[in-house]
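Everything on this sheet refers to the single structure shown next.
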Amino acid sequence: MNESWKIEAWRILIFIVVILLLGTGINNYTLAALIGALIYLAWHLYSLARLNRWLTEYQAAEIPESTGIWGRVYDRLRGVTRHHQHEMADLHRGLDRYRQITKALPEGAVTLGPNDEIELINEAATSLLGLKDPQDLGSPITNLVRDPQFVDYMRDGKFSEALEIPSPVNHSVRMSIRVVPYGDVNQKLLLVDDVSRVHKLDEIRRDFVANVSHEMKSPLTVIKGYVESMRDDTGEFGLKWKKAIFQVDQQTDRMCRVVEDLLQLSNLETNPAEKPTPVDMPSLIRSVHAEALELSNSRHDIALDIDETLFLTGNFNQLYSALSNLVFNAIQYTPKRGQIRIAWHLGRDNHAKFSVSDTGPGIEHQHLPRLTERFYRVDTARSRELGGTGLGLAIVKHVLLRHEASLSIDSEFGNGSTFTCVFPPQRIADKNALKSSA
């Protein structure tokens, strides 16, 4: 038994002795016991009232002093209170450090609550998003940043990709916004970065490529014309320089293809997307298949499996360019007597899928993430030997982006490859829509 209970036991014992003496004095033990019980109850009610007062005022009131069982209760409260105060102090120090780190970030940072209400803003975020601290704390961020793309981005909750929009404060400033969910109650950390310089450099690059490509097209056409004239010369000059002229003709053709591909990429990047129209995909794919058979010249087994009822909305020429690039690549890289399968069908997830599978050499895993980069080649020497420009898959990627689609690449070195274009359900068109638009 601890000290407090010993004191309480002695207190009760003394109280019983006093009651017995009082009962003897008044010759009424029942009345004495009742008076004693009322006094003891009054003592506990008084102690309970003191506890209630401390719980009510908490910060202002001191924990009462007492002995016995109530002393034990008050001592335990002091211990719990001190522990709580230490924890709160540590929590405040951690929160202060978190705020200091957040404010020191070079990019804007905004912490959002379960309903996207603003909990914390750093200085970079206030300058980029036009928010005010502390006036905007507690307000939903979509009420303050009203860009429709941003509102849709926050509503959809698909944060795997960053969103790039102009700053609401200065439209010449481009922002990249990323959202990182955290915590157990749907909290989010919104990071904002000024990418104006990168955006400007990208514009300069696109303009440079477009201008250079246009400038190169005319002289290459002239060179090509002269080379063809010299190639067709059957005189002494033509025979003497036949090999050199043949090589110049080949390289001029290659440069012309590069220029054409660069111009196509430039158009995809800079020109606004045209209004989508219904596209007869089965007919388009059959045309690609016919060209593939001609290009293969019976060197490959090319199978075709298409859903005749599956149509898309988009741009016919762009889709033809993308799909033919994938099919012609398969023909170029698949050995003689290899198999190529072209498929067009509706997946179980209601996404339309165009796939090209081959039995070619396959691609090593480390190359897959970079295949759609401009001029990236897995085998540079072989690609040039086959006449590739290194821009085909970059064109495919940009065409698919324009059609809200994505490119999936499944390949194992030595076991062939499968390239799949995945189109979302909203791009699927009704067959009757094509008839009405014709």
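The values are calculated or read from the model by the stated rules, or taken from the named source; none is laboratory data. Computed from a prediction, not measured in an experiment: that's the story for all the values here. Methodologically, a virtual Cβ is constructed for each residue, glycine included, from the backbone with ideal geometry; neighbour enumeration extends over all protein chains shown.
Tabulated values for the structure
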{"item": "Odd one out for Ile342, checked against (1) under 22 Å from the mean Cα position of the chain (by Cα); (2) surrounded by 13 or more Cβ atoms within 10 Å (Cβ to Cβ); (3) modelled with pLDDT of 85 or more", "result": "(1)"}
{"item": "Residue ID - farthest from Asn271 (Cα to Cα), chosen from residues in segment 178-208 that are out of contact with any helix residue (DSSP H, G or I) (no Cβ under 7 Å at 6 or more places or on another chain), surrounded by 12 or more Cβ atoms within 10 Å (Cβ to Cβ) and of a type in the set (Val, Ile, Thr)", "result": "Val179"}
{"item": "Pair list, Cβ under 7 Å, 6 or more apart: segment 395-410 residue in the same structural domain as Leu323 (by TED's automatic domain parsing) and crowded, with 20+ Cβ neighbours inside 10 Å, other residue in a loop (DSSP other than H, G, I, E, B) and modelled with pLDDT of 90 or more", "result": "Ala405/Pro424"}
{"item": "Residue in segment 39-68 that is modelled with the highest pLDDT, counting only those that are among the polar types (S, T, N, Q) and either over 27 Å from Phe15 (Cα atoms) or not assigned by TED's automatic domain parsing to the domain that holds Arg11 (or both)", "result": "Thr56"}
{"item": "Helices (runs of 4 or more DSSP H) enclosed by segment 134-245 - at least 3 residues per element that are assigned by TED's automatic domain parsing to the domain that holds Asp261 and among the hydroxyl-bearing types (Ser, Thr, Tyr)", "result": "196-231"}
{"item": "Residue match in segment 284-291 (condition: modelled with pLDDT under 90 and of a type outside the set (Phe, Trp, Tyr))", "result": "no"}
{"item": "Tally of residues being touching a residue at least 24 places away in the same chain (Cβ under 8 Å) and at positive phi across segment 178-211", "result": "1"}
{"item": "Filter result for Leu323 (in contact (Cβ under 8 Å) with a residue 60 or more places away in the chain and not polar (S, T, N, Q))", "result": "yes"}
{"item": "Single condition Arg174 does not satisfy, out of (1) buried (at least 17 other Cβ atoms within 10 Å of the Cβ); (2) of a type in the set (Lys, Arg); (3) over 22 Å from Asp202 (Cβ atoms)", "result": "(3)"}
{"item": "All positions within segment 118-129 that are surrounded by 16 or more Cβ atoms within 10 Å (Cβ to Cβ) and of a type in the set (Asp, Glu)", "result": "none"}
